[in-house]
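Asks: Would you mind keeping the following structure in view while I ask a few things?
The values are calculated or read from the model by the stated rules, or taken from the named source; none is laboratory data. Nothing here was measured: the structure is a model prediction, and the numbers come from that model. Every residue, glycine among them, receives a Cβ derived from its backbone with ideal geometry; neighbour counts consider all protein chains shown.
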Amino acid sequence: MSFPATRMRRTRASHFARELARETRLSPANLIQPVFVLEDDKGREPVASMPGVERLGAEGLFELAGRCLELGIPALALFPVVPTERKDAEAAEAWNPEGLVPRTVAALKKRFPELGVITDVALDPYTSHGLDGIVDEDGYVLNDRTVDALVRQASCHAAAGADVVAPSDMMDGRIGAIREALEADGHVNTLILSYAAKYASSYYGPFRDAVGSAANLGKAGKEGFQMDPANSDEALREVELDLDEGADWVMIKPALPYLDIIRRVHETFGVPTFAYHVSGEYAMLKAAAANGWLDNDKVLLETLLSIRRAGACGILTYAALEAAELLRA
Ligand code: PBG
């Protein structure tokens, strides 16, 4: 008979006791700010489906990077907005050493050497069809040819100074191939953050608008390479393979609908586990807040805390700066 000897509410009764007994903490150090990067240095364009998010040219990006460092956000993740005329079926622009991503990485690292710079390794911003790989005449994404292209892209990013390359494409064998190339090039300390368990999710819609791949993609789906939302054991196999191939860190994506996967991966492997609070998750919150249906600030912090509680050490979120400001206040 534990009551009244045990009263769970005793700990909840005072602020100091709640502070001491808190199991999980959210800090700006857990956040990564994704940025959509424009060719035009002075560019600044709002993303309609992601209120508060802008595509930025170099000027805006530098400003944002400075804010991140001031607030204790350790890293940025870059996503290029590639002009249509640079897209083709082979995605050749993806490993152009003079391309938008390598130029941006080099400029950022020069100006902010202590800032972690993460690049997206995937072909979808560069393909005329919007898929994450090179396709055959039936539109099937060819695995091994795509991996060859991803290796070139990752090498190009590492050569430009990227601290972390993050393959988000879900091709088989790409982590091993990229790791081998990085070693051969002498980039022994370049981290690989593998999007190991990336689901074929409908929460990516606003992102595809933001980078301009939605129109290219049309009605084509990504179920042929991204994971089935029904599966959980399969995520563990994906993570195990990527770790065996040389991934340093693994990512689960999206975050909130897949908290169970974050928890299983973290418990099973005990490796740095990241989660991507994706565009659709961000858009849902902003829409509800704009209508006065949810308290934006409270729900944002609760959401990010829940992703931490599930087992993520780092969270990519479009609201990173916003959350860091709230945490400081
Ligand atoms: C594609 C990529 C996607 C996202 C990040 N990289 C979309 C997709 O797979 O179609 C989505 C991120 C988000 O929704 O915020 N390589």
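Asks: Have a look at T317, T303 and point out the one that is among the hydroxyl-bearing types (S, T, Y), touching a residue at least 12 places away in the same chain (Cβ under 8 Å) and more than 11 Å from the ligand (Cβ to nearest atom).
Replies: From the options T317, T303, the qualifying one is T303.
Asks: Between a residue in the stretch 158-181 that is in a helix (DSSP H, G or I) and any residue that is acidic (D, E) and more than 16 Å from the ligand (Cβ to nearest atom), which pairs come within a Cβ distance under 6 Å, given they are 6 or more apart or on different chains?
Replies: Matching pairs, first to second residue: I175/E245; G176/E245.
Asks: Identify, by number, the condition in (1) at positive phi; (2) out of contact with any Phe, Trp or Tyr (no Cβ under 8 Å at 6 or more places or on another chain) that P28 doesn't meet.
Replies: (1)
Asks: In the set A89, A77, which member is out of contact with any Lys or Arg (no Cβ under 7 Å at 6 or more places or on another chain), of a type in the set (G, A, S) and free of Cβ contacts under 8 Å to residues at least 60 places away in the same chain?
Replies: Just one listed residue meets the conditions, A89.
Asks: Restrict the check to the stretch 86-96 and report whether at least one residue is under 23 Å from D297 (Cβ atoms), acidic (D, E) and either touching a helix residue (DSSP H, G or I) at 6+ places or on another chain (Cβ under 9 Å) or at pLDDT below 95 (or both).
Replies: No, the stretch 86-96 contains no residue that is under 23 Å from D297 (Cβ atoms), acidic (D, E) and either touching a helix residue (DSSP H, G or I) at 6+ places or on another chain (Cβ under 9 Å) or at pLDDT below 95 (or both).
Asks: Scan the stretch 231-239 and tell me whether some residue there is closer than 27 Å to H187 by Cα, outside any helix (DSSP H, G or I) and polar (S, T, N, Q).
Replies: No.
Asks: Also, quick follow-up: Here's a check for you: in the stretch 102-148, which residue that is part of a strand (DSSP E or B) and more than 18 Å from the chain's Cα centre (by Cα) is farthest from the ligand (Cβ to nearest atom)?
Replies: Only one residue tops the list, namely V135.
Asks: In the stretch 136-162, which residues are in contact with a strand residue (DSSP E or B) (Cβ under 8 Å, 6 or more places away or on another chain) and crowded, with 21+ Cβ neighbours inside 10 Å?
Replies: If the condition is that a residue be in contact with a strand residue (DSSP E or B) (Cβ under 8 Å, 6 or more places away or on another chain) and crowded, with 21+ Cβ neighbours inside 10 Å, then V141, L150, Q153, A154, H157, A158, A162 are the ones that fit.
Asks: Scan the stretch 213-235 and tell me whether some residue there is within 26 Å of D136 (Cβ to Cβ) and away from the ligand (no atom under 15 Å from the Cβ).
Replies: Checked the stretch 213-235: at least one residue is within 26 Å of D136 (Cβ to Cβ) and away from the ligand (no atom under 15 Å from the Cβ).
Asks: Something else now. Out of curiosity, is D120 among the charged types (D, E, K, R) and modelled with pLDDT under 95?
Replies: No: the conditions fail for D120.
Asks: Given the residues G186, G161, which is the only one that is over 26 Å from H277 (Cβ atoms), more than 12 Å from the ligand (Cβ to nearest atom) and touching a helix residue (DSSP H, G or I) at 6+ places or on another chain (Cβ under 9 Å)?
Replies: None of the others qualify; the one that does is G161.
Asks: Right, something else. Inspect the stretch 54-74 for any residue being closer than 19 Å to T303 by Cα and either surrounded by 13 or more Cβ atoms within 10 Å (Cβ to Cβ) or in contact with a Gly (Cβ under 6 Å, 6 or more places away or on another chain) (or both) and give the result as yes or no.
Replies: The answer is yes, given that some residue of the stretch 54-74 is closer than 19 Å to T303 by Cα and either surrounded by 13 or more Cβ atoms within 10 Å (Cβ to Cβ) or in contact with a Gly (Cβ under 6 Å, 6 or more places away or on another chain) (or both).
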